[in-house]
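For reference, the structure discussed in these notes is given below.
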Amino acid sequence: MSSCGVAISPHERIGDLKRFDYLVVVGGLLDKNSLLADARFDEHLRRAAALGIPLVGLCTGSFILHRAGLMDGYRCCVSWFHNSDFLRLFDGLLAVSDQIFVVDRDRLTCSGGASTAHLAAFLVDRHLGKALAAKSLRIMMFNEAAKDETAQPTGSLDIVVRDEILKRVVLLMQHHLDVPLTIDQIADKLDLNKRRIERHCRSDLGISPQVVYTRIRLDHARHLLARTEKSTSTIALECGFCDSSHLSRVFRDYCQQTPRQFRSQSSAALLR
């Protein structure tokens, strides 16, 4: 069942696995039942792996590969949308959330959506050449192929990030809201130089990385204030502030109003 409600029904059995160059697992909506072992399905995947057939996981298809025990020691592309709470269900998964797809030996995974087309173009290029890969993308209305290290689009933010390095930085910041990282820690995790991050922030956005991080946390705080009934204290902790007073002080400096005033205005707007 696809996320838009369309059911895709099989039209033949898998049969002889040796006839496949790749075996692709297409992800769908996941719930607790989907994560339970499916002995027959998982065995097909394990047999394919034993035969040396490369396995491809599209979007949440990578979690099915992991469920079958076939992603141990492999880097796995995961959409930024699947937050840390969700990823805790997949113990040992080497998740990569700052690229649109990952090719790690005979495991190929992508974050879903448009990245599926770019992973497909990568395979066309690998086996048939760049000309046909480019043609296939043009048919699907893509101007050019995106490389695997291309950053995933980020979640909501009141500033526009175009720089590829900054996209990776912002994505990492969004994944660490409750316990903010230092800029040094971000640089280490992304294998980047701290000064390079600062230089890109200044040239592309005109502000420091610290200010970018604060605005990301405040953006999430605004979302929680407008869309949930969580207390200001809870929101402060979820967004990496010491307490409600700290959140109120920073919120007022950046937004020229208190969290309470913002929540009241948001509630009034919803009632109109």
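A short reminder: the numbers here are calculations on the coordinates, not readings from a lab. Because the structure is predicted, anything quoted here is derived from the model rather than measured. All Cβ positions, even for glycine, are placed from backbone atoms using ideal geometry, and neighbour counts span all protein chains on display.
Assorted remarks:
- Extreme residue, positive dipole direction of the chain, given options Cys201, Ala117, Gly28 (C-beta unit charges): Cys201
- Protection proxy ranking, highest mean first, for peptides 247-259, 210-222: 210-222, 247-259, where packing is the per-residue count of other beta-carbon atoms within 10 Å, averaged.
- Mean ellipticity per residue at 222 nm, deg cm²/dmol - from DSSP H runs of n ≥ 4 across the chain, formula -39500 (n - 2.57): -14500 deg cm²/dmol
- About the Cα centre, charge dipole magnitude for the chain (Lys/Arg +1, Asp/Glu -1 at Cβ), debye: 500
- Legend: calculated FRET efficiency, Ile207 to Gln261, from the Cβ-Cβ distance at R0 = 22 Å, rounded to 0.05, equals 0.35.
- The chain: antiparallel DSSP beta bridges as a percent of all, rounded to 5: 25
- Cα gyration tensor category, rounded, prolate or oblate, for region 154-272 with a/c compared to 1.5: prolate
- Put in line by how crowded their Cβ is, counting other Cβ atoms within 10 Å and starting with the fewest, Val124, Val179, Val24, Val170 read Val179, Val24, Val124, Val170.
- Magnitude of the charge dipole, region 154-272, Cβ model with Lys/Arg +1 and Asp/Glu -1, debye to 20: 300
- Correct option for percent of Cα pairs over 29 Å apart [calculated from the coordinates] among (1) 45; (2) 36; (3) 28: (1)
- Centre separation in Å (Cα based) which lies between region 165-191 and region 44-77: 28
- Fewest-first sequence of Lys135, Lys167 by Cβ atoms within 10 Å of each Cβ: Lys135, Lys167
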